[in-house]
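Inspection log for the structure reproduced underneath, given as structure tokens.
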Amino acid sequence: MRFGEQVAIFLGAIFVAQQTDAFAPASRSQNSKGLAFIPESSIIASASCFVPSLQASSTRLFLADDDEDEDDDEDEDDDLNPLGKGVDSVSWLPTVVGKSVDSEISSIQDGAEVLPLFPLGGFVYTPNTEHVLNIFEPRYRQMYTDILMNGTKRFVVVTSHPSEQGRFAQTGVLFELEDLKEVSEQTADQIKYICNHKVTGRVTIHKVLNPEAWETRDTYLKAVGTIHDDSGKDDETPEVATNDVYGAVAAAAKGASPKGEEELKTSFKELVEIQHELEEDVRFTQDAVQTLAVKDGSGADGLWQTVRLWQSFVDQRLMAAQNELQRDFQEKLQEFLKKEKGFKEDEIPSAIGFSDLSPELQEEVQKIQKRMEVELRPLLLESSLTMQKILEAEGHRERLSLLKYFMESETRRLASKKTLKGIFSSDSSSSMTAEEPVAPSIPAEESEDSKSAGESNPTFFDEPDAFQ
């Protein structure tokens, strides 16, 4: 097994790290809770959670209906849905596979510059976050040496296309190096640098200058891009003289909340209310309604805080769906280890190989993997595309509009769930005979079952009192 590729079956919590040969994510920002990807040839089983191999494809994010009368309705929905075109809903650069350097490179357009390009898988990074990367591949060791020598200390990070090799998103983010430690001696030269970075802005990439480097791997990619600063360095409003009436009015108008900000708060409040009404496993807290960040800029009240909050919510919802699908298997795996392997409760090993499972459990793992491939792939793809769509938005108002759409879509989904729940509850009530006593309703906060359920379900915090 290569360095940087580890697969283990943990009984307490799964640990799966598939590092590309370029880097190993030592940690992510508090707001970034990503998923672990597994090679297709690997199957992971765990007594507490199971993660299948999810290879996102270019399939659409909705189910097609054979009824021709509904096709027109779907087309209309596509026009309104920011992700209606699936993977093609976001902008991608042409693939670099099979391409060679352009011998007729035209002059760089105004405002653009040449930047190192660092593709980092399928995770979408957002401005005003901090990340640590472990660097060990030769070409990226050279990249860090170069940005230190020329003093720029920055490069572009882009997400990769979910199904096409060598194709990257047209909008990436700017990583600025803040701290670097050389750890060659401590790691026997397996890792060269441990680097701390801050994401200070977005970058629109116009062209990859040396596409052949993707396949030759003899150096890192370079691209021409335009930087959009989201660090907040230029957000300070100049002081206005007290006798400058027109200047004061203009400053007040600039500080006024756009209509879209208030609309986003309203949509978020409606979502939180129905989440709590249905007692969703993953839900925002009521306090989050009052502290929702919607302003333009990079401060604590800036919209990028809510973007990362939404990213965490989508990721946690996906993880909850994973746990739900493999809950029965966890119990069977624990029973197998106790009865067949003779382990006591406190002696269960921290890891077990797939080949050590019984044929029946191996077959069940494969079935779960196929089921997750079908049921979770759309959620995984939607999560990635949602963040990339927000990242490439041209401005604050467009980001507000996108977030509002995604929140209202989730509210509509829960409203449908509530309707179905009401129908089945009505059918169940009507089937009771007159002689059967009906138990009085107990408020959720007073129900012992609810209390015990609340104790067993973890609470996830993106920021204090953000969501459960």
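The values are calculated or read from the model by the stated rules, or taken from the named source; none is laboratory data. Keep in mind that what you see is a predicted model, and the values were worked out from it rather than measured. In this analysis, Cβ positions are derived from the backbone assuming ideal geometry, glycine residues included, and neighbour counts consider all displayed protein chains. For accessibility, only protein heavy atoms count, side chains too; no ligands or nucleic acids. Shrake-Rupley method; radii C 1.70, N 1.55, O 1.52, S 1.80 Å.
Structure notes:
- Candidates Gly297, Gly342 - the one that is touching a residue at least 12 places away in the same chain (Cβ under 8 Å) and on the phi > 0 side of the Ramachandran plot: Gly297
- Identity of the residue in region 284-336, over 14 Å from Phe406 (Cβ atoms) and of a type in the set (Lys, Arg), that ends up least open to solvent (accessible area, probe 1.4 Å): Lys295
- Counting only helices (runs of 4 or more DSSP H) that fall entirely inside region 355-467 and contain at least 1 residues that are at pLDDT 55 or above, under 21 Å from Glu270 (Cα atoms) and open to solvent by 70 Å² or more (accessible area, probe 1.4 Å), the qualifying elements are 396-430.
- Looking only at residues in region 153-182 that are open to solvent by 20 Å² or more (accessible area, probe 1.4 Å) and touching an Asp or Glu at 6+ places or on another chain (Cβ under 9 Å), the one that is farthest from Val132 (Cα to Cα) is Gln170.
- Qualifying residue in region 266-282 (condition: touching a Leu at 6+ places or on another chain (Cβ under 6 Å), in contact (Cβ under 8 Å) with a residue 40 or more places away in the chain, part of a helix (DSSP H, G or I) and surrounded by 15 or more Cβ atoms within 10 Å (Cβ to Cβ)): yes
- Subset of region 396-416 (residues that are over 21 Å from Trp304 (Cβ atoms) and either among the charged types (D, E, K, R) or free of Cβ contacts under 8 Å to residues at least 60 places away in the same chain (or both)): Arg412, Arg413, Ser416
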